[in-house]
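Below is one structure, written out as structure tokens; comments come after it.
The values are calculated or read from the model by the stated rules, or taken from the named source; none is laboratory data. These numbers were taken from a predicted model, which means no experiment stands behind them. Note that each Cβ is placed from the backbone with ideal geometry, even for glycine, and that neighbours are counted across all protein chains shown.
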Ligand code: QAP
Ligand code: CO
């Protein structure tokens with residue numbers, strides 16, 4: 001399975017709304033496999049299909065120490081989110097080198113199709129809960145820097161454009 005090119009902020013394609021997956025077929029399984037390879041190669045903990053320019057509701061995550069517990073979420077829906085929130089330091093494979101605080105629900109319940117095509121419920125807190133919310137934002141065309149102040153965002157944009165010109 002080949003690894004995929006990751007779109008970099010401020011690429012406008014990162015703001016595309018993803019469509020639900022109709023059936024978990026061989027094509028979707030191949031996409032998931034390529035996304036996992038891409039995430040592991042880039043040493044990320046999460047990747048949304050949007051970031052590889054595929055505008056379908058597919059997310060891969062692995063927050064395990066051993067990098068051996070992949071979580072695949074297809075058509076994820078948040079069923080419940082705690083009213084308690086926390087500001088966590090986040091980064092993003094589409095915004096390399098940038099980390100900043102974003103407020104998120106501390107715990108969530110998510111349902112999603114797995115590779116078996118069945119809907120499963122996942123209860124998440126800690127880093128996993130943060131990561132799921134971050135990746136689901138990508139499917140809505142939202143990048144974490146959009147939660148930051150306009151001044152910070154504009155500085156990040158300038159930095160990213162300079163970086164892309166030097167490589
Ligand atoms: C989203 O992000 C996330 O800047 C996943 O140079 C991040 O995997 C959710 C990465 C933090 C919760 C907390 C970022 C790799 C990876 C970089 C990532 C970089 C290399 C980011
Ligand atoms: Co991201």
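Annotations for the structure displayed:
- Selection from the range 111-136 of residues that are part of a helix (DSSP H, G or I) and surrounded by fewer than 20 Cβ atoms within 10 Å (Cβ to Cβ): 126, 127
- Taking the range 73-113 as the range and being within 14 Å of residue 135 (Cα to Cα), more than 15 Å from the chain's Cα centre (by Cα) and within 16 Å of ligand 2 (Cβ to nearest atom) as the test, no residue passes.
- Within the range 63-100, the residues that satisfy the criterion of being assigned to a loop (DSSP other than H, G, I, E, B), free of Cβ contacts under 8 Å to residues at least 60 places away in the same chain and surrounded by 14 or more Cβ atoms within 10 Å (Cβ to Cβ) are 70, 82, 91.
- Selection count, the range 13-38, where residues are farther than 21 Å from residue 124 by Cβ, away from ligand 2 (no atom under 14 Å from the Cβ) and assigned to a helix (DSSP H, G or I): 9
- Of everything in the range 137-159 that is within 16 Å of ligand 2 (Cβ to nearest atom) and either modelled with pLDDT under 95 or not in a helix (DSSP H, G or I) (or both), the residue that is surrounded by the fewest Cβ atoms within 10 Å (Cβ to Cβ) is 140.
- The range 39-57 - residue that is part of a helix (DSSP H, G or I) and closer than 16 Å to residue 131 by Cβ and, of those, nearest to ligand 2 (Cβ to nearest atom): 51
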